[in-house]
Amino acid sequence: MIEELGIPPAGNDRRYWRRRQKREVRQARRSRTALRVVRSVFLDIAVLAVLGYVGYETFGHVTTASQFALRRIEVEGAVRLSPEDVRKRLARFEGRNVLDVDLEEAAAAVASDPWIARASLMRVLPDSLQVKIEERKPAVLALIRGTVHVVDDGGFVIGPAAAGFVLDRPLLTGLDRLDRDALRKALVVGSAAIAGLGSASPALAAEASEIDLSRPDRLRVVPRGRGPVLLLDPERIESNVADYLSLRGEIESRWGEMSRVDLRWKDRISILPASREPGSESD
């Protein structure tokens, strides 16, 4: 009777309601999930905000707290310089918060001393800086425009030699007409020449008073006392010296006292006897 009126059977009606119920359940689940996500996001934001505030307050306290003011500067590596010389370069940083000190700027301030080749700094909380320096090593003395300067083996002019400064090596001369780049190159050549001379003959190196670098094609080695001026090839110092030492006795026996011995030539040696008139020597 019911089917004839077109009304769906009871079984179909229950399936319809189950599908509807499932949709409502899914919608409810999605809503709860979205709500949990929103709550989680807001909770994370709140936590980050609290942490940021705490961090800001902590940083502000640390960077303004008096116990972090720079009071001590420890220096390692000072030999010719005193630790106090190094500390003077950092005087403007004293009293600042140690966490606020720019270490690169401070290292540059230390390395501005010409005796210091390199400097590195490290913070030591709560109130100290540790400074490690590497000093330049004097290699030679050079006469530059009337003043004796200390020079390292890289040709860097450290500065005028202090009163009483002693370096038992020949003095480099003949440098006044050289510009900055040429001067540094010549100083490197001169430093290497002194090392080569000492390697070839320590006794001959000890006898040398100065090495004239005024011309790039030769080194003019001037003795401390009696003895000839030696002219050497900058690129053949050791072989030049070996030739001279092997023939020195014979030359002296045949020519007597010599004013100059030119050893630059490959197959010959040029000799100027001391008996020649002053001013007749030509280099």
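For the reader, a short list of remarks on this structure follows.
- The distance between label points at ARG215 and GLU252 comes to 2.6 nm (points 7 Å beyond Cα on the Cα→Cβ vector).
- Restricting the calculation to Cα atoms, the stretch 68-135 yields a radius of gyration followed by a Dmax of 10.8, 31 Å.
- Förster radius 41 Å - calculated FRET efficiency between GLU238 and ALA108, Cβ distance, rounded to 0.05: 0.50
- Cross-link pairs beyond the 26 Å C-alpha cut-off, checked among LYS88/LYS185; LYS88/LYS132; LYS132/LYS185: LYS88/LYS185; LYS132/LYS185
- P(r), alpha carbons of the stretch 138-273 - 10 Å bins starting at zero, rounded %: 12, 44, 31, 11, 1
- In plain terms, the chain from ASP100 to ALA69 could stretch by 10.2 nm, reckoned as 0.36 nm per residue minus the Cα-Cα distance.
Quick note: the coordinates plus some simple rules give every number you see, no bench work behind them. Note that the coordinates shown come from a computational prediction; the quantities given were computed from them, not determined experimentally. Glycine also receives a Cβ, built like all others from the backbone with ideal geometry; neighbour counts cover every protein chain displayed.
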